[in-house]
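Novice: Quick one: the structure is below, and I'll ask about it shortly.
The values are calculated or read from the model by the stated rules, or taken from the named source; none is laboratory data. No experiment lies behind these values; they were computed from the predicted model shown. Here the Cβ positions follow ideal geometry from the backbone for every residue, glycine too, while neighbour counts run over all protein chains shown. Side chains included, ligands, DNA and RNA excluded: accessible areas come from the protein's heavy atoms. Shrake-Rupley method; radii C 1.70, N 1.55, O 1.52, S 1.80 Å.
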Amino acid sequence: MQPRNVVLVGFMGAGKSVCGRLLARRLGRCFVETDDMIVAREGQSIPEIFSRDGEDRFRQLEAETLEALALKSDDVIATGGGLPCREGRMDALKRLGTVVWLRGPLDDLVARARRMGARPMLDGRPLDEIETLYRRREPYYAQADVTVDTADLGPDQVVGRLLTALRARDLSHV
Ligand code: S3P
């Protein structure tokens, strides 16, 4: 049977964790995060992995995590902001189920991600560099099956929109 996971993608601060957890609860499904899988496997936090082993090592761990996701069939999966942004990654994610991009205004995303902290890709980077990174990533996120605009919405409202979009998609597939 085709896996029917819901896979959330988007930039740091998009709300993938909070909304993913809520969505999983609403759907009665398990919630997994690729970052948590990496942290559990390595026994180190994400900032520790970046500072000890570098970004390339982290990206390699993401690739391995993506392979491990083939075991999931009915979960809600939140991906790290950079995971989909390599050749072939969005196709691999789409094979796992429905991919949803949580899209929001960059300023809001960055402010939220900075508030939460522990984001090595943002540390010490001025906004124009972050914007360049975002623009480079946007074409990957844009390949998602469904896009939900999160501007000015709280997590409950985002999940409401997400459920509506997922149901509409299901109906169009029967
Ligand atoms: C990253 C995003 C983070 C985490 C790591 C790198 C990125 O996840 O995977 O810090 O490159 O955008 P979130 O998107 O959950 O912040």
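Novice: Any residue in the stretch 131-150 that is more than 20 Å from R95 (Cβ to Cβ) and in contact (Cβ under 8 Å) with a residue 24 or more places away in the chain sitting within a Cβ distance under 9 Å of a residue that is part of a helix (DSSP H, G or I) and of a type in the set (S, T, N, Q)? List the pairs, counting only those 6 or more apart or interchain.
Specialist: T150/Q157
Novice: Could you give every pair whose Cβ atoms fall below 8 Å, whose first residue belongs to the stretch 57-77 and is within 20 Å of C30 (Cβ to Cβ), and whose second residue is part of a helix (DSSP H, G or I) and of a type in the set (G, A, S), counting only separations of at least 6 or pairs across chains?
Specialist: If the second residue must be part of a helix (DSSP H, G or I) and of a type in the set (G, A, S), the pairs left are L66/A92; D75/A24; V76/G20; V76/A24; I77/G20.
Novice: Same structure again: Can you find a residue that is hydrophobic (A, V, I, L, M, F, W, C) and either open to solvent by 50 Å² or more (accessible area, probe 1.4 Å) or near the ligand (Cβ under 9 Å from one of its atoms) (or both) anywhere in the stretch 59-67?
Specialist: no
Novice: So for the stretch 30-49 (the condition being in a helix (DSSP H, G or I), within 23 Å of G13 (Cβ to Cβ), among the basic types (K, R) and within 14 Å of the ligand (Cβ to nearest atom)), does at least one residue qualify?
Specialist: Within the stretch 30-49, none of the residues are in a helix (DSSP H, G or I), within 23 Å of G13 (Cβ to Cβ), among the basic types (K, R) and within 14 Å of the ligand (Cβ to nearest atom).
Novice: Any residue in the stretch 105-116 that's open to solvent by 100 Å² or more (accessible area, probe 1.4 Å): show its pairings with residues that are away from the ligand (no atom under 11 Å from the Cβ) at Cβ separation under 6 Å, as long as the two are six or more apart or on different chains.
Specialist: Matching pairs, first to second residue: none at all.
Novice: For the stretch 125-140, does any single residue satisfy the condition of being polar (S, T, N, Q) and open to solvent by less than 60 Å² (accessible area, probe 1.4 Å)?
Specialist: No, there is no match, as no residue in the stretch 125-140 is polar (S, T, N, Q) and open to solvent by less than 60 Å² (accessible area, probe 1.4 Å).
Novice: Only one of (1) over 23 Å from R114 (Cβ atoms); (2) of a type outside the set (D, E); (3) out of contact with any helix residue (DSSP H, G or I) (no Cβ under 6 Å at 6 or more places or on another chain) fails for G82. Which number is that?
Specialist: Checking G82 against (1) over 23 Å from R114 (Cβ atoms); (2) of a type outside the set (D, E); (3) out of contact with any helix residue (DSSP H, G or I) (no Cβ under 6 Å at 6 or more places or on another chain), the one that fails is (1).
Novice: Report yes if M1 is loosely packed, with under 13 Cβ neighbours inside 10 Å and either of a type in the set (A, V, I, L, M, F, W, C) or in a loop (DSSP other than H, G, I, E, B) (or both), otherwise no.
Specialist: Here the answer is yes, as M1 does meet what is asked.
Novice: Can you work out which of the residues in the stretch 86-102 that are over 17 Å from L71 (Cα atoms) and surrounded by fewer than 20 Cβ atoms within 10 Å (Cβ to Cβ) is nearest to the chain's Cα centre (by Cα)?
Specialist: This residue is R86.
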